[in-house]
Amino acid sequence: MKIFPKIVFCLFLTGAFYSCKKSVTPTKGTMVGDYEEDLSAVRLTYDKKPDIENREGKATKDNVYTAVKDEIPLNVNRQVDKALDSISVHNKNIRYAAGYRIQVYVGNERRELDEARSYIYQNFPDMNTYVTFSQPTYRLKAGDFTSKMDAERFYNSIRQRYSMAMIVPERIDIRKSMQTR
C-alpha cells in the first residue's frame, strides 16, 4: 500500500510542471511559434493606368472600351470556350445525384400500395413513383427532387391523405427531376 502515495505524488508533480508551461496563444502582431515572414517582395503590384481622355479632357466610354478590348489577348476567349465545353460534356455525363423523394406508403398490403400509387398518378401526373419490396414490406416513394424545399411543396398535399408520409434522402435521376416542376 506504499505505492499509492508515490503515484499520487508523481501525478501532482506532473500537473505542477504542465501548469508552468509557457503559453502558446498568439498575441497581436505575432504568430504561434514566433514565425514572421515579410512577403512584400513577392506580392503583386498593379500600376494605375492613365485615364483615356478626349480633346476636352473628359474620358469617353468608347475610348475606355477600346483600351480594355485591346489589352485582352484573342486566344483567351478560345481557351474559355474550350474549358466551358469540357465542363458541359462532363455535366451531361452525370446522371444521378443526391436528392429527395417522398415516401408515401410503407406496409404489407399490396392493395393499399396500389391505392396510394393511383392517388399519386391522379393528383400529381408528372411525379414518378418507385415501388420496392423487401419481404414482407412494400414501400412507395414518389418524385425526384434535387432540394428538400422542392419536395416539401408536394409533401404537404400528400401528407393530408397519408399521415405516415415523409421526405427521405435518396439517389435520384437528374433528368427525371427536371420534368417535375
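Quick one: would you say Arg95 is of a type in the set (Lys, Arg), surrounded by 11 or more Cβ atoms within 10 Å (Cβ to Cβ) and in contact with a strand residue (DSSP E or B) (Cβ under 8 Å, 6 or more places away or on another chain)? Steps first, please.
Values: of a type in the set (Lys, Arg): yes; surrounded by 11 or more Cβ atoms within 10 Å (Cβ to Cβ): no; in contact with a strand residue (DSSP E or B) (Cβ under 8 Å, 6 or more places away or on another chain): yes.
It is false that Arg95 is of a type in the set (Lys, Arg), surrounded by 11 or more Cβ atoms within 10 Å (Cβ to Cβ) and in contact with a strand residue (DSSP E or B) (Cβ under 8 Å, 6 or more places away or on another chain).
Under 6 Å between Cβ atoms, at least 6 apart or on separate chains: pull out the pairs that start in region 80-101 with a residue that is among the aliphatic types (A, V, I, L, M) and end on any residue that is surrounded by 10 or more Cβ atoms within 10 Å (Cβ to Cβ).
Once the first residue is among the aliphatic types (A, V, I, L, M) and sits in region 80-101, its partners that are surrounded by 10 or more Cβ atoms within 10 Å (Cβ to Cβ) give Ala97/Ile174.
Does Val106 satisfy the condition of being under 30 Å from the mean Cα position of the chain (by Cα) and either in the same structural domain as Ser163 (by TED's automatic domain parsing) or at pLDDT 60 or above (or both)? Spell out the reasoning first.
Numbers: under 30 Å from the mean Cα position of the chain (by Cα): no; either in the same structural domain as Ser163 (by TED's automatic domain parsing) or at pLDDT 60 or above (or both): yes.
When the stated conditions are applied, Val106 does not pass them.
Restricting to region 132-160, name every residue that is surrounded by 13 or more Cβ atoms within 10 Å (Cβ to Cβ) and among the basic types (Lys, Arg).
Within region 132-160, Arg139, Lys141, Arg159 meet the criteria.
Scan region 104-131 residue by residue and report those that are free of Cβ contacts under 8 Å to residues at least 12 places away in the same chain and either exposed (fewer than 10 other Cβ atoms within 10 Å of the Cβ) or assigned to a loop (DSSP other than H, G, I, E, B) (or both).
Arg111, Gln122, Pro125
So, in region 80-103, of the ones that are among the β-branched types (Val, Ile, Thr) and more than 17 Å from Val168 (Cα to Cα), which residue ends up nearest to the chain's Cα centre (by Cα)? If you could, list the steps in order and put the result at the bottom.
Pass one, region 80-103, residues among the β-branched types (Val, Ile, Thr): 80, 87, 89, 94, 102.
Those left that are additionally more than 17 Å from Val168 (Cα to Cα): 80, 87, 89, 94.
Numbers: Val80: 24, Ile87: 18, Val89: 21, Ile94: 16 Å.
Out of the qualifying residues, it is Ile94.
The values are calculated or read from the model by the stated rules, or taken from the named source; none is laboratory data. No experiment lies behind these values; they were computed from the predicted model shown. All Cβ positions, even for glycine, are placed from backbone atoms using ideal geometry, and neighbour counts span all protein chains on display.
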